[in-house]
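Since the structure comes first, as structure tokens, the remarks are kept for the end.
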Amino acid sequence: MTRTLHVQITSADRSGLKERLEAIDAGDDVEPSEPTLSMEDLETFGRVFRSTNLELLEAIVAHEPESIRELARFVDRNPPEVLDNMDELADYGLLEFEENGTPKRPVVWYDEIDADLPLTLPSGRKRKANA
């Protein structure tokens, strides 16, 4: 079964969050929502999903490394550089670290990313032109 993370370029949609949390607290059945990561702008999306980071995510899914050092060997990069990228990915919730003793084990729960990239901006906003 494919597990998909949805990514969108938009402000985080918090509409209905309060009601949803209250329903959960009350013990009501709440329909699960699709896991979605919202990014503020295309620049952030491009930085987070640059090729070096995607290569790391792909290697984690394919090889299930036991440590950051092992992951660094799979992608033929220096462990400190890999750790910097991993920390950034973890900050955005794209991976987690499991601690089995000393080494941190990188883990992702999804095996597919579905990105929603609008070509138009919400009304009133203008994209900066690069000269």
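The values are calculated or read from the model by the stated rules, or taken from the named source; none is laboratory data. Bear in mind that the values here come from a model prediction, so they are computed numbers and not experimental data. With ideal geometry, Cβ positions are generated from the backbone for all residues, glycine too; neighbour counts draw on all protein chains shown. Surface accessibility is based on the protein's heavy atoms, side chains included, excluding ligands, DNA and RNA. Shrake-Rupley method; radii C 1.70, N 1.55, O 1.52, S 1.80 Å.
Heavy-atom accessible area of Arg47 with all protein chains present, probe 1.4 Å, nearest 10 Å²?
100
Using a simple spin-label model with points 7 Å from Cα along the Cα→Cβ vector, what separation in nm is obtained for Glu66 and Glu112?
That separation, rounded to one decimal, is 3.2 nm.
Can you sort Met1, Met39 by 1.4 Å-probe accessible area, starting with the largest?
Result of the area sort, largest leading: Met1, Met39.
Sort Leu57, Leu42 from largest to smallest accessible area, using a 1.4 Å probe on the heavy atoms of the protein chains.
The residues order as Leu42, Leu57, largest area first.
How high is the FRET efficiency between Phe74 and Thr120 when r is their beta carbon distance and R₀ equals 30 Å, given to the nearest 0.05?
E(calc), rounded to 0.05, equals 0.15.
Nearest 0.05, what FRET efficiency do Lys18 and Tyr92 give at R0 = 22 Å with Cβ-Cβ as r?
0.40
Mind grabbing the accessible area of Glu81 for me, 1.4 Å probe, Å², rounded to tens?
Counting only protein heavy atoms, the figure is 90 Å².
What does the accessible area of Arg77 come to, in Å² to the nearest 10, when a probe of 1.4 Å is used?
50
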